[in-house]
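K.L.:
This structure is in structure tokens; I'll ask about it shortly.
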2 protein chains.
Amino acid sequence: MVVAQLYIDGKHHGIQMFIVQLRDLETHMPLPGVDIGEIGKKLGMAGVNQGFLGFKRVRIPRTNMLMRNAKVLPGGKFVQSPASRLNYMTMVFTRCLIVNLSYDCLLQAATIATRYSAVRRQSPINSSDPEPQIIDHVTQQQKLFPEIANGIAYRITGQHMWELYELTLKEIANGDYTRMADMHIVACALKVLSTTDGSFGVERLRLACGGHGYLTSTNFSTLYGNVIAAYTYEGENTVLLLQIGRYLVKTWTQLTQGKKMSPLAAYLAEIYDKPEIAAWNDSRSYLVKLLQFTAANKTRLAFENLTNRVNGGQTLEEASNNTGIELTQAAELHGRQFVASAFLEQITVAKKNQRSVALNSVLENILELYLVQTVLRHMNDILRFTPISDANLRSLQNRLELSLKKLRPDAVAICDGFDYHDRVLNSTLGCYDGNVYERLFEAAKKSPLNQKPVPDSFEKYLKPFLKSNL
Amino acid sequence: MVVAQLYIDGKHHGIQMFIVQLRDLETHMPLPGVDIGEIGKKLGMAGVNQGFLGFKRVRIPRTNMLMRNAKVLPGGKFVQSPASRLNYMTMVFTRCLIVNLSYDCLLQAATIATRYSAVRRQSPINSSDPEPQIIDHVTQQQKLFPEIANGIAYRITGQHMWELYELTLKEIANGDYTRMADMHIVACALKVLSTTDGSFGVERLRLACGGHGYLTSTNFSTLYGNVIAAYTYEGENTVLLLQIGRYLVKTWTQLTQGKKMSPLAAYLAEIYDKPEIAAWNDSRSYLVKLLQFTAANKTRLAFENLTNRVNGGQTLEEASNNTGIELTQAAELHGRQFVASAFLEQITVAKKNQRSVALNSVLENILELYLVQTVLRHMNDILRFTPISDANLRSLQNRLELSLKKLRPDAVAICDGFDYHDRVLNSTLGCYDGNVYERLFEAAKKSPLNQKPVPDSFEKYLKPFLKSNL
């Protein structure tokens, strides 16, 4: 499959996809004009041989173009897709898949690090007591549990996004394309956030395992290599954030013109119409409101600064570039409020009755941790737009510490519940039976340097050197 | 060299160092009772063969202990070090070295990414114009330039720390141990901050190079492997932050008792005595004051919450564990204010006259970027303690954008000025001549998969499969 810009008689018709034969069916030699090879060693994804490809006077039959939407007729006439965004739906699909990949890597890493933290003992809390499981150190809990919460948040929000995706496909089949823009934006946002949080989460979890985490036998580095690749592919994250940012500013412009908002931007209209936030309360929905209020105000700021630049004589595109930092910040917050509100909805309303009371209680604490943690991480922007008292901030810190404490006894069981087989985790630190040290030794013994009690290098280099008269 | 806990007749005498013979001098076989091997593959530092070591009834002669400070007398009597912290000085030295390693890795990565960003062209800013160098995108500048500023900040602050270290050694030689505690804390803080910012900076710079950054031929992954290892070794970063945090709370306790502060904690006393911050002004020293004010207030909060817990019946150690999150946050800010104030001092006062006006002008803009960026990143805490108006926040955003713009024409030249030889950078993307694509192709062609036009796997696996009747 080749994805390429289509030109007919010098006129550009966007990016299209083609099936192209690259090698001879008998000899497998590259066909004339095809320059093909592998790009070399990468920091991850060792099993995928990414290639480079060059064409020189290669003719692709017209019918090799994928023509479900846009078409090229036998005479060479180009027929546009019925909706220009239809091509995006493949990307939307892939980005939804990436959300799955991200939370999967993150939850695997969380399982490894949590199990290890229940086995490893270090640093007495009371100097008269024996060394505790390191999972009893609050700073260790703060490394592990927010990542469990992040992973579950993306898993549940991702499932919700798949439902929206199915709905969008059904509507498209009926000729209704209105939800596509929303779907495109939310898939971009979730792709960006889940790969960013997934990647750095995996790495934080690895670092939470101290020196042992540095061993490749833990499988952390493979997980990291897999998830961080998705930070860049299928729309580099900053490029996607800028797309979302420009969409937000366009949306805000439409608000100033009194236009109606699509469902996923409805919160912007609410805040545009009533630009004050209600007084603080301790509910979880208030934390979501804080994120929404902040996302809206960051959008307003980006809109104002971009507009000022345009009024100052810059083209819209130059102004967009110069407002880039604020556009990406607004975009991130738009994504955050989506995840937070979808997660809240899915836990406390949508599918609540399909779950046991016990499971709901665990999930509600995970939701609590997720929301408090997310709000604390964005406090730099939140405090700019909302007056929050010192007492409220102290209460958030208390809620954070309380949710960690509450999660502690369930942490290992929650990870067991993700149901990753030892063969999947493939980690010396993360196995179900907790036999960490036995596995570390077994893995180390397989090292080429450990196959003989005296490495060959001694006779070859070290001994002659030691015996010489330097 | 073996570092071990020393016990004499069951009594513990701290960690001491011993020279221990591990292998036979003739055969190189491990001596009786010595179990030695290599720990296996790691995510970085491939050239260093870290080992495991076990002793069973191994006798170490008394005189093999390093006895410059603490001693064991022939009769077995233990003589304490003249100052208990003297043992720390070796760790202080190593941590100072790690700061060098960190900024070195970071500035190498910054050189690679900046040079590549001046070569790579993508995404027109005005759609009618050709694709610009990606370094002209403001979001790209925001990825590159703050890392250059961070690297220079740690380099210059690190040099200042070496001066303090030399001074401390001189004082110790004269029997004056008063500066050691300060020195220990500041070395911990700089080790933590430089390895954290260095590691994630290297990775941000790699990500700024898009898909190409994923190739190991760029050398980013080696740099990352080197610097992230230091996040964990020589005092794991969270463990060190907790040490600093406990020192800060102890210091705050001493303030409440009216005690005098050491030089590096003097700012805490100032703020303790006068707990209001002056009205906003646009100077750089005000940004440092903001960080100091916030560090002091985070220390106060940690002190209050820890004290409340102790008053509620917890032991000091339990209370420390439960206040762990706030202790580490206060510790980080203590480090930030040190770097910021030392960097400001070194650029604008200490060695200003040893540099040309032109160089000072460049360095002052880098200082500006560093301070604005650092303050913005800690705004979540700053806004908690200081009323900053929306206009002030807008002015900070303007200063950020202005400093990026000002750095743009100098960026490549600044990196050239770090004077890393192509052989040191060892990167397909980072060479001085900018021939990125030629080098990428050369490196790819060396891949084992590219040695034949048709890989062996075709005849062996693919062809039989294609010809079968599945």
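K.L.:
Out of everything in the range A:208-223 that is more than 8 Å from every other protein chain (Cβ to nearest Cβ) and touching a Phe, Trp or Tyr at 6+ places or on another chain (Cβ under 9 Å), what residue ends up being surrounded by the most Cβ atoms within 10 Å (Cβ to Cβ)? Walk me through it before giving the result.
P.N.:
Residues of the range A:208-223 that are more than 8 Å from every other protein chain (Cβ to nearest Cβ), as a first pass: A:208-209, A:212, A:218-219, A:222-223.
Cutting the leftovers down to touching a Phe, Trp or Tyr at 6+ places or on another chain (Cβ under 9 Å) gives us A:208-209, A:212, A:218.
Working: A:A208: 27, A:C209: 25, A:H212: 19, A:T218: 29.
Applying the filter and picking the extreme gives A:T218.
K.L.:
Of all residues in the range B:12-68, how many are within 30 Å of A:L43 (Cα to Cα) and of a type in the set (A, V, I, L, M, F, W, C)?
P.N.:
Taking the range B:12-68 first, the residues within 30 Å of A:L43 (Cα to Cα) are B:37-52.
Now restrict to residues that are of a type in the set (A, V, I, L, M, F, W, C): B:39, B:43, B:45-46, B:48, B:52.
Going through the range B:12-68 one residue at a time, the tally reaches 6.
K.L.:
Take A:V249 and tell me if it is within 19 Å of B:S127 (Cα to Cα) and either at pLDDT below 95 or more than 13 Å from every other protein chain (Cβ to nearest Cβ) (or both).
P.N.:
On the way: within 19 Å of B:S127 (Cα to Cα): yes; either at pLDDT below 95 or more than 13 Å from every other protein chain (Cβ to nearest Cβ) (or both): yes.
It is true that A:V249 is within 19 Å of B:S127 (Cα to Cα) and either at pLDDT below 95 or more than 13 Å from every other protein chain (Cβ to nearest Cβ) (or both).
K.L.:
Inside the range A:89-111, can you point out the residues that are within 17 Å of A:G151 (Cβ to Cβ), more than 14 Å from chain B (Cβ to nearest Cβ) and buried (at least 19 other Cβ atoms within 10 Å of the Cβ)? Before the answer, list the steps.
P.N.:
Initial filter on the range A:89-111 (within 17 Å of A:G151 (Cβ to Cβ)): A:96-111.
Right, trim to more than 14 Å from chain B (Cβ to nearest Cβ) and you get A:96-108, A:110-111.
Correct list: A:C96, A:I98, A:V99, A:S102, A:Y103, A:D104, A:C105, A:L106, A:L107, A:Q108, A:A110, A:T111.
K.L.:
Still on this structure, I have one more. Within the range B:1-27, can you find the residues that are more than 10 Å from chain A (Cβ to nearest Cβ), among the hydrophobic types (A, V, I, L, M, F, W, C) and either surrounded by 11 or more Cβ atoms within 10 Å (Cβ to Cβ) or not in a strand (DSSP E or B) (or both)? Don't jump to the end; show me each part of the working.
P.N.:
Kept after step one, since they are more than 10 Å from chain A (Cβ to nearest Cβ), are these residues of the range B:1-27: B:1-22.
Narrowing the set further to residues that are among the hydrophobic types (A, V, I, L, M, F, W, C) leaves B:1-4, B:6, B:8, B:15, B:17-20, B:22.
Within the range B:1-27, B:M1, B:V2, B:A4, B:L6, B:I8, B:I15, B:M17, B:F18, B:I19, B:V20, B:L22 meet the criteria.
K.L.:
Can you name every residue in the range A:452-470 that is more than 11 Å from chain B (Cβ to nearest Cβ) and of a type outside the set (S, T, Y)?
P.N.:
At the first step, the residues of the range A:452-470 found to be more than 11 Å from chain B (Cβ to nearest Cβ) are A:460-461, A:464-465, A:468-470.
Listed by number, the residues that qualify are A:K460, A:P464, A:F465, A:N469, A:L470.
K.L.:
Quickly run through the range A:28-74 and pick out the residues that are under 29 Å from B:N450 (Cβ atoms), assigned to a loop (DSSP other than H, G, I, E, B) and of a type in the set (G, A, S).
P.N.:
Selection gives A:G33, A:G40, A:G44, A:A46, A:G47.
K.L.:
Next up: If you take the residues in the range B:225-236 that are within 8 Å of another protein chain (Cβ to nearest Cβ) and not aliphatic (A, V, I, L, M), which one is surrounded by the most Cβ atoms within 10 Å (Cβ to Cβ)?
P.N.:
B:Y231
K.L.:
From (1) free of Cβ contacts under 8 Å to residues at least 40 places away in the same chain; (2) within 12 Å of another protein chain (Cβ to nearest Cβ); (3) charged (D, E, K, R), pick out the condition that doesn't hold for A:R384.
P.N.:
Of everything listed in (1) free of Cβ contacts under 8 Å to residues at least 40 places away in the same chain; (2) within 12 Å of another protein chain (Cβ to nearest Cβ); (3) charged (D, E, K, R), A:R384 misses just condition (1).
K.L.:
Related question: Picking from A:L169, A:L164, A:L205, A:L193, which residue would you name as being in contact with a helix residue (DSSP H, G or I) (Cβ under 9 Å, 6 or more places away or on another chain), surrounded by fewer than 22 Cβ atoms within 10 Å (Cβ to Cβ), more than 13 Å from A:S262 (Cβ to Cβ) and not assigned by TED's automatic domain parsing to the domain that holds A:R68? So that I can check it myself, show each step before the final result.
P.N.:
On the way: A:L164 fails: more than 13 Å from A:S262 (Cβ to Cβ); A:L205 fails: surrounded by fewer than 22 Cβ atoms within 10 Å (Cβ to Cβ); A:L193 fails: surrounded by fewer than 22 Cβ atoms within 10 Å (Cβ to Cβ).
Result: A:L169 is the single residue among A:L169, A:L164, A:L205, A:L193 that is in contact with a helix residue (DSSP H, G or I) (Cβ under 9 Å, 6 or more places away or on another chain), surrounded by fewer than 22 Cβ atoms within 10 Å (Cβ to Cβ), more than 13 Å from A:S262 (Cβ to Cβ) and not assigned by TED's automatic domain parsing to the domain that holds A:R68.
K.L.:
Yes or no: A:K42 at pLDDT 95 or above, outside the structural domain of A:S199 (by TED's automatic domain parsing) and of a type outside the set (S, T, Y)?
P.N.:
Values: at pLDDT 95 or above: yes; outside the structural domain of A:S199 (by TED's automatic domain parsing): yes; of a type outside the set (S, T, Y): yes.
So A:K42 passes the test.
K.L.:
Let me ask another. I need the full set of residues from the range B:248-299 which are among the polar types (S, T, N, Q), outside any loop (DSSP other than H, G, I, E, B) and farther than 18 Å from B:G335 by Cα, in order please. So that I can check it myself, show each step before the final result.
P.N.:
Filtering the range B:248-299 down to residues among the polar types (S, T, N, Q) leaves B:251, B:253-254, B:256-257, B:262, B:281, B:283, B:285, B:292, B:294, B:297, B:299.
Add one more test, that the residue is outside any loop (DSSP other than H, G, I, E, B), and what stays is B:251, B:253-254, B:256, B:285, B:292, B:294, B:297, B:299.
Correct list: B:T253, B:Q254, B:T256.
K.L.:
For the subset of the range A:423-470 comprising residues that are more than 16 Å from A:N219 (Cβ to Cβ) and either touching a Cys at 6+ places or on another chain (Cβ under 6 Å) or of a type in the set (S, T, Y) (or both), which member is surrounded by the fewest Cβ atoms within 10 Å (Cβ to Cβ)?
P.N.:
A:S468
K.L.:
When you check B:A330 against the structure, is it surrounded by 22 or more Cβ atoms within 10 Å (Cβ to Cβ), within 28 Å of the chain's Cα centre (by Cα), within 14 Å of chain A (Cβ to nearest Cβ) and at pLDDT 95 or above, yes or no?
P.N.:
In short, yes.
K.L.:
Just to be sure before I move on: is A:L242 part of a helix (DSSP H, G or I) and within 11 Å of another protein chain (Cβ to nearest Cβ) in the structure I sent?
P.N.:
Details: part of a helix (DSSP H, G or I): yes; within 11 Å of another protein chain (Cβ to nearest Cβ): yes.
Yes: the conditions hold for A:L242.
K.L.:
Tell me which of these B:M29 doesn't satisfy, since it passes every other one: (1) on the phi > 0 side of the Ramachandran plot; (2) over 29 Å from the mean Cα position of the chain (by Cα); (3) aliphatic (A, V, I, L, M).
P.N.:
Going through (1) on the phi > 0 side of the Ramachandran plot; (2) over 29 Å from the mean Cα position of the chain (by Cα); (3) aliphatic (A, V, I, L, M) one by one, B:M29 breaks only (1).
K.L.:
Sticking with this one: Kindly indicate the residue of the range B:176-213 that is part of a loop (DSSP other than H, G, I, E, B) and in contact (Cβ under 8 Å) with a residue 12 or more places away in the chain and also nearest to B:V119 (Cα to Cα) among those meeting that condition.
P.N.:
So in the range B:176-213, the residues part of a loop (DSSP other than H, G, I, E, B) come out as B:176-179, B:208-209.
Filter once more, keeping what is in contact (Cβ under 8 Å) with a residue 12 or more places away in the chain: B:177-179, B:208-209.
Working: B:Y177: 53, B:T178: 52, B:R179: 49, B:A208: 13, B:C209: 11 Å.
If we take residues in the range B:176-213 being part of a loop (DSSP other than H, G, I, E, B) and in contact (Cβ under 8 Å) with a residue 12 or more places away in the chain, then B:C209 is nearest to B:V119 (Cα to Cα).
K.L.:
Among the residues of the range A:130-162, which ones are of a type in the set (D, E, K, R) and facing chain B (nearest Cβ under 9 Å)? Working first, answer last.
P.N.:
Our first condition is that a residue be of a type in the set (D, E, K, R); within the range A:130-162, this holds for A:131, A:136, A:143, A:147, A:155.
Result: A:D136, A:K143.
K.L.:
Just give me the residues in the range A:394-423 being farther than 29 Å from A:Y116 by Cα and without any contact (Cβ under 8 Å) to a residue 12 or more places away in the chain, in sequence order.
P.N.:
A:R394
K.L.:
Right, here's the next one. Out of the residues in the range B:46-65 that are surrounded by 13 or more Cβ atoms within 10 Å (Cβ to Cβ) and polar (S, T, N, Q), which is farthest from A:S457 (Cα to Cα)?
P.N.:
Among those that are surrounded by 13 or more Cβ atoms within 10 Å (Cβ to Cβ) and polar (S, T, N, Q), it is B:N64.
K.L.:
Just a yes or no: is a residue in the range B:238-259 in the same structural domain as B:N100 (by TED's automatic domain parsing), under 21 Å from B:A149 (Cα atoms) and of a type in the set (V, I, T)? Before the answer, list the steps.
P.N.:
Let us first name the residues in the range B:238-259 that are in the same structural domain as B:N100 (by TED's automatic domain parsing), namely B:238-259.
Then keep just the ones that are under 21 Å from B:A149 (Cα atoms); that gives none.
Checking the range B:238-259: not a single residue is in the same structural domain as B:N100 (by TED's automatic domain parsing), under 21 Å from B:A149 (Cα atoms) and of a type in the set (V, I, T).
K.L.:
Next up: Pick out the one residue from B:V79, B:V58, B:V72 that is away from chain A (no Cβ under 14 Å), touching a helix residue (DSSP H, G or I) at 6+ places or on another chain (Cβ under 7 Å) and more than 30 Å from B:N226 (Cα to Cα). Explain how you work it out, then say what you get.
P.N.:
On the way: B:V79 fails: touching a helix residue (DSSP H, G or I) at 6+ places or on another chain (Cβ under 7 Å); B:V58 fails: touching a helix residue (DSSP H, G or I) at 6+ places or on another chain (Cβ under 7 Å).
The match here is B:V72.
K.L.:
Taking the condition of being within 22 Å of B:Q50 (Cβ to Cβ) and more than 10 Å from every other protein chain (Cβ to nearest Cβ), how many residues in the range A:184-207 meet it? Show your work before the answer.
P.N.:
We begin by selecting, within the range A:184-207, every residue within 22 Å of B:Q50 (Cβ to Cβ); these are A:203, A:205-207.
Then keep just the ones that are more than 10 Å from every other protein chain (Cβ to nearest Cβ); that gives A:205.
The qualifying residues number 1.
K.L.:
For the range B:75-129, which residues satisfy the criterion of being small (G, A, S) and in a loop (DSSP other than H, G, I, E, B)? Break it down into steps so the answer makes sense when it comes.
P.N.:
Within the range B:75-129, the subset small (G, A, S) is B:75-76, B:81, B:83-84, B:102, B:109-110, B:113, B:117-118, B:123, B:127-128.
Scanning the range B:75-129 gives B:G75, B:G76, B:S81, B:A83, B:S123, B:S127, B:S128.
K.L.:
A further question follows. Kindly evaluate B:L376 against the criterion of being buried (at least 21 other Cβ atoms within 10 Å of the Cβ) and either in contact with a strand residue (DSSP E or B) (Cβ under 9 Å, 6 or more places away or on another chain) or farther than 23 Å from A:L402 by Cβ (or both).
P.N.:
no
The values are calculated or read from the model by the stated rules, or taken from the named source; none is laboratory data. Quick caveat: nothing in here was measured; it's all calculated off a predicted structure. Backbone-built Cβ (ideal geometry, glycine too); neighbour counts: all protein chains shown.
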